[in-house]
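Input: a single structure, listed below in structure tokens.
The values are calculated or read from the model by the stated rules, or taken from the named source; none is laboratory data. Keep in mind that this is a model prediction, so the values were computed, not measured. With ideal geometry, Cβ positions are generated from the backbone for all residues, glycine too; neighbour counts draw on all protein chains shown.
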Amino acid sequence: MSKRLAIFDMDGTLLLSPGPRTEDAHKGFWKNPEPLETREAPVIEDTLEALNRSLAAGATVIVMTGRRYSPRMQTAAAAALEAAGVRGYAKLYLKPQDEGDTGAWKERMIPALARRYGASRVDLWDDRPEHAEAFRRVLQRHLLEGTVTEVSDPRWIWGTVQPKDA
Ligand SMILES: [Mg+2]
């Protein structure tokens, strides 16, 4: 049986993460771990079910977020996932300090992770339509099987407003 990888975005895909309360609060908001540390981030149930189904099917599950890495952000993201009941994933990747565009970073990570885990099938979940489109092209280009699910939870309002780093 070929190995399967399942890659989930965090903000707006697995979690209804806390968003900025005002227009002014937007700048730098997603780089700040404090809202994740101090406010609720309810789970998006459909995505959690998909994650648990992936685990049950024997897939290696990865969570990958465009939130920029710092030890504090890593801890905050892991704690938010834990509090939301997201468990069993193999690794939580935050965007490295020296990376710019989240989409470009994730696009490069997909084939790299497929190689690392020896997977010929990669399924992905992301709330950003432009990322989902790009991921489909990456799968095709690298001859990887898999589907890309665009998560669109009506409770998540930040996708259209921003979040450039989420
Ligand atoms: Mg997102």
Fill in the blank from the handout: With criteria (1) without any contact (Cβ under 8 Å) to a residue 24 or more places away in the chain; (2) of a type outside the set (Gly, Ala, Ser); (3) not in a loop (DSSP other than H, G, I, E, B), ARG87 comes up short on (3)
Handout entry: Meets criteria (within 15 Å of the chain's Cα centre (by Cα), away from the ligand (no atom under 16 Å from the Cβ) and hydroxyl-bearing (Ser, Thr, Tyr)) for THR60
Key = yes
Handout entry: Matching residues, the range 1-30, being within 20 Å of ARG128 (Cα to Cα) and at pLDDT below 90
Key = GLY19, PRO20, HIS26, LYS27, GLY28, PHE29, TRP30
